[in-house]
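Each remark here refers to the structure printed beneath this line.
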Amino acid sequence: MRKIGVLTSGGDAPGMNAAIRAVVRKAIYHGMEVIGFRRGYHGLMEGEFDLLRLGSVADIIHRGGTILLTARAPEFIELAGRQRAVKVIRESGIDALVVIGGDGSFRGALELENLGVCTVGVPGTIDNDIACTDYTIGFDTAVNNVTDAVNKVRDTATSHERVYVIEVMGRSAGYIALAAGLAGGAESILVPEIPFDLDEVMERLRRGVKRGKLHSIILVAEGAASAISVAEALKSHTHMDVRVTILGHVQRGGTPTAFDRMLASRLGAAAVDLLRSGCHGQMLGFLNGQVQGIPFEKALAQQKSFPKDLYQLATILAI
Ligand code: F6P
């Protein structure tokens, strides 16, 4: 293993820069060369890359986003696109590729592996929806961003005695909503993994008002419902003053938390170790406090189990 490539793909996640830094510095430490492809698989197909030196990754550990840029590359889904990428890989002389991204990016990495390219995945997505890892890079920062926003909305919600329905990201998963809902003391949390009943949500609101609550926060995962439709239903069945806040991409930005920086540093460095040991076709996971390599097929075939106990706890504590 003399030369490796690295790219970030899919939605950016805070901590991706720390992962790039770890890959580059660990590889250089072991005498390897690293090139960085720009705009994910798009840059891989187009041959857009730069040599990454120690200084190329200086002063980025604390920065959100990704210095390599990222993209969603529909052409890569086609075999012709992947074959173009393989040609670029062969011509650039790299022995392996580190893909930092989410499950869609790992499916792409597995396809490359099947075309004879050694690939390793580092899970980076705010959604935390990848099986075989307790955490993905960016999730902790997104949860902190949302919790911070909930705190702020709560101030104005209390002053005006309002109900706020706050919509958060997560694609088809409810991990961000659950974690931020528990940390932010939301009255109700709506996630796609657990069926919900709006009558019950309204009953909880009424009970809260009866015992003197001045505000209520309902956290809705985008994969469960739209905050606008939830708010409309609440408005038409109660006399409460209901407002909607859709947090959007603000959740994905900003400086990564120390947890995300540490996770990214460990997983990025472990990706290089995995390749040095001759293993590939795997992603790195952080399971029960340990960094482990898991075959792409295994991780992609599994549905991550949703922590229903935490959901129940959040419901009990918001009584
Ligand atoms: O996968 C990360 C994510 O932020 C999801 O939570 C969200 O549904 C999606 O990306 C948004 O994608 P885009 O930035 O392309 O609008």
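The values are calculated or read from the model by the stated rules, or taken from the named source; none is laboratory data. Note that the structure is predicted; figures quoted are calculated from it, not measured. Glycine also receives a Cβ, built like all others from the backbone with ideal geometry; neighbour counts cover every protein chain displayed. The protein model used for the area step is the full one, side chains on, heavy atoms only, and it has no ligands, DNA or RNA in it. Shrake-Rupley method; radii C 1.70, N 1.55, O 1.52, S 1.80 Å.
Mind listing whichever residues of the range 227-284 are modelled with pLDDT under 95 and in contact with a helix residue (DSSP H, G or I) (Cβ under 7 Å, 6 or more places away or on another chain)?
237, 238, 240
So, in the range 189-200, how many residues would count as being surrounded by fewer than 20 Cβ atoms within 10 Å (Cβ to Cβ) and within 16 Å of the ligand (Cβ to nearest atom)? Please lay out each step first, then the result.
Here is the first cut: in the range 189-200, the ones surrounded by fewer than 20 Cβ atoms within 10 Å (Cβ to Cβ) are 192, 194-200.
This time we only want the ones that are within 16 Å of the ligand (Cβ to nearest atom), so: 192.
Number satisfying all stated conditions: 1.
Could you pull out the residue among 5, 31, 10 that is assigned to a loop (DSSP other than H, G, I, E, B) and surrounded by 17 or more Cβ atoms within 10 Å (Cβ to Cβ)?
Values: 5 fails: assigned to a loop (DSSP other than H, G, I, E, B); 31 fails: surrounded by 17 or more Cβ atoms within 10 Å (Cβ to Cβ).
The conditions single out 10.
Output the residues belonging to the range 51-82 that are open to solvent by less than 90 Å² (accessible area, probe 1.4 Å) and not aliphatic (A, V, I, L, M).
If the condition is that a residue be open to solvent by less than 90 Å² (accessible area, probe 1.4 Å) and not aliphatic (A, V, I, L, M), then 55, 56, 62, 64, 65, 66, 70, 74, 75, 76, 81, 82 are the ones that fit.
So which strands (runs of 3 or more DSSP E) are wholly in the range 178-267 and hold at least 1 residues that are in contact with a Ser or Thr (Cβ under 8 Å, 6 or more places away or on another chain) and free of Cβ contacts under 8 Å to residues at least 60 places away in the same chain?
Per the criteria, 216-221.
In this structure, is residue 285 within 29 Å of residue 64 (Cβ to Cβ) and in the same structural domain as residue 112 (by TED's automatic domain parsing)?
Against the criterion (within 29 Å of residue 64 (Cβ to Cβ) and in the same structural domain as residue 112 (by TED's automatic domain parsing)), residue 285 qualifies.
Specify which of the listed residues (111, 91) is more than 16 Å from the ligand (Cβ to nearest atom), touching a residue at least 24 places away in the same chain (Cβ under 8 Å), touching a Lys or Arg at 6+ places or on another chain (Cβ under 6 Å) and farther than 17 Å from residue 68 by Cβ.
One residue alone meets the criteria, 111.
Filter the range 172-188 down to the residues that are under 20 Å from residue 136 (Cβ atoms) and surrounded by 19 or more Cβ atoms within 10 Å (Cβ to Cβ) and list them by number.
Once the filter is applied, which keeps residues that are under 20 Å from residue 136 (Cβ atoms) and surrounded by 19 or more Cβ atoms within 10 Å (Cβ to Cβ), the range 172-188 yields 173, 174, 175, 176, 177, 178, 179, 180, 181, 182.
Kindly provide the set of residues from the range 83-128 that are farther than 30 Å from residue 259 by Cβ and open to solvent by 30 Å² or more (accessible area, probe 1.4 Å), ordered by number.
Across the range 83-128, the qualifying residues are 83, 84, 87, 90, 91, 93, 95, 111, 114, 115, 116.
It is to be established whether one or more residues within the range 140-162 are open to solvent by less than 10 Å² (accessible area, probe 1.4 Å), in a strand (DSSP E or B), of a type in the set (Val, Ile, Thr) and touching a helix residue (DSSP H, G or I) at 6+ places or on another chain (Cβ under 8 Å).
Checking the range 140-162: not a single residue is open to solvent by less than 10 Å² (accessible area, probe 1.4 Å), in a strand (DSSP E or B), of a type in the set (Val, Ile, Thr) and touching a helix residue (DSSP H, G or I) at 6+ places or on another chain (Cβ under 8 Å).
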